[in-house]
Ligand SMILES: Nc1ncnc2c1ncn2[C@@H]1O[C@H](COP(=O)(O)OP(=O)(O)OP(=O)(O)O)[C@@H](O)[C@H]1O
């Protein structure tokens, strides 16, 4: 990447621009280490020789599909190539056997349909336009031919498109390894339907992404010796626990809370939820809705996906009881108790919410209250129970909510 020395008057170069990141231009003068450049956006800029990069004047206007073909593999060259291709709706570009995807922020169904999958099936890598199906296909072939495990690493900043890419990779592998004509739920269907379930509980609206995964995941798909899917496992890591109790504008808490509040009336009644604005864990921000997302429909779809994944009705009810309990837990408040540094439930409302939490979690009301208002210190001589002041009780309420939610997610 170092700046080459062959920059002379008349050379075409790239230099940094505060608005456009990089702008191209022609060198009009060189004085020591300073270069004067007439840029294509009409400015005359003096820059240091070390900060400018040569421009490939012979690069095709439509860009190249593999960046190893670029004359100069420096940052402006790479970005310019990606931008040229993006302008032509070509969101995928190779750098050798690495695929770079630029988020199109619009649905491009023709890129991912069965016809496209058929085309990439068995095609030699590099023969067709860059595509994630080509990566998935070469992985699948390598696994069959070399009898070894393969892995695909998907990385990028928040909102870059990792989740969408992973789902498409899974769809392609399910297409390749699916069994046609099997009765009932197939493994590949279950593999694909695990996504909406995980997203309901682990995704939230953030500043950068309306459907941001707040956890890491490792998806393992197992194949038998005939190349058919035989099993799958999804391991999740490091859920962002703090979001359960603390959300700032214009973000939202995890999707499942809003879904449950928009559930059909009988479920809203059964789980004792209601308007999201009435819950402290949801009303810290003024964002309740996400553009183009219907929480009521998502609730039904999540339920359906849970059915397909194999979560029984009783288990599903237990899951949503826990979700509802967390919302009520957040509405419990404390005031000073009779003793110094102790606390008690603040008012009738808090008493009521505690009752509902106990009912939903099927636990003893008094024990639950004690666990929030007291701390047990374990000493070699036995356990000591110490009352908590109202602030500490609030912290212990939030800690319980976070722990219960992350245990639910891990389950
Ligand atoms: N290939 C694609 N086609 C169409 N839209 C896409 C594609 N990739 C990403 N998007 C859009 O960009 C949004 C963000 O993408 P995605 O959720 O996959 O990002 P991410 O990298 O997983 O982010 P995070 O790290 O926050 O979870 C998606 O909700 C979708 O609207």
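Structure values in brief
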{"item": "Qualifying residue in segment 39-48 (condition: surrounded by fewer than 12 Cβ atoms within 10 Å (Cβ to Cβ), within 16 Å of the ligand (Cβ to nearest atom), at pLDDT below 95 and over 30 Å from residue 144 (Cα atoms))", "result": "no"}
{"item": "Matching entry among 236, 302, 206 (being in a strand (DSSP E or B) and either in contact (Cβ under 8 Å) with a residue 40 or more places away in the chain or over 26 Å from residue 357 (Cα atoms) (or both))", "result": "236"}
{"item": "Lone qualifier among 36, 28 - being without any contact (Cβ under 8 Å) to a residue 12 or more places away in the chain and farther than 30 Å from residue 128 by Cα", "result": "36"}
{"item": "Residues satisfying the stated conditions in segment 275-295, i.e. free of Cβ contacts under 8 Å to residues at least 60 places away in the same chain and surrounded by 13 or more Cβ atoms within 10 Å (Cβ to Cβ)", "result": "276, 279, 280, 282, 283, 284, 285, 288, 289, 294, 295"}
{"item": "Filter pass, residue 146 being away from the ligand (no atom under 13 Å from the Cβ), surrounded by fewer than 16 Cβ atoms within 10 Å (Cβ to Cβ) and in the same structural domain as residue 195 (by TED's automatic domain parsing)", "result": "yes"}
{"item": "Qualifying positions in segment 120-142 - within 24 Å of residue 163 (Cβ to Cβ) and either in a helix (DSSP H, G or I) or outside the structural domain of residue 178 (by TED's automatic domain parsing) (or both)", "result": "120, 132, 133, 134, 135, 136, 137, 138, 139, 140"}
{"item": "Matching residues, segment 305-345, being more than 15 Å from residue 362 (Cβ to Cβ), without any contact (Cβ under 8 Å) to a residue 60 or more places away in the chain and buried (at least 17 other Cβ atoms within 10 Å of the Cβ)", "result": "331, 337, 342, 343, 344, 345"}
{"item": "Selection count, segment 209-228, where residues are within 16 Å of the ligand (Cβ to nearest atom) and either assigned by TED's automatic domain parsing to the domain that holds residue 253 or not in a loop (DSSP other than H, G, I, E, B) (or both)", "result": "6"}
{"item": "Members of segment 74-106 that are touching a helix residue (DSSP H, G or I) at 6+ places or on another chain (Cβ under 7 Å), surrounded by 14 or more Cβ atoms within 10 Å (Cβ to Cβ) and part of a loop (DSSP other than H, G, I, E, B)", "result": "102"}
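Yes or no, residue by residue, for (1) within 17 Å of residue 237 (Cα to Cα); (2) touching a strand residue (DSSP E or B) at 6+ places or on another chain (Cβ under 8 Å):
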| residue | (1), (2) |
| --- | --- |
| 194 | yes, yes |
| 197 | yes, no |
| 202 | yes, yes |
| 226 | no, no |
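The values are calculated or read from the model by the stated rules, or taken from the named source; none is laboratory data. The shown structure was predicted, so the numbers you read here are calculated from the model rather than taken from an experiment. Cβ coordinates were reconstructed from backbone atoms using ideal geometry, including for glycine residues, and neighbour counts include every protein chain displayed.
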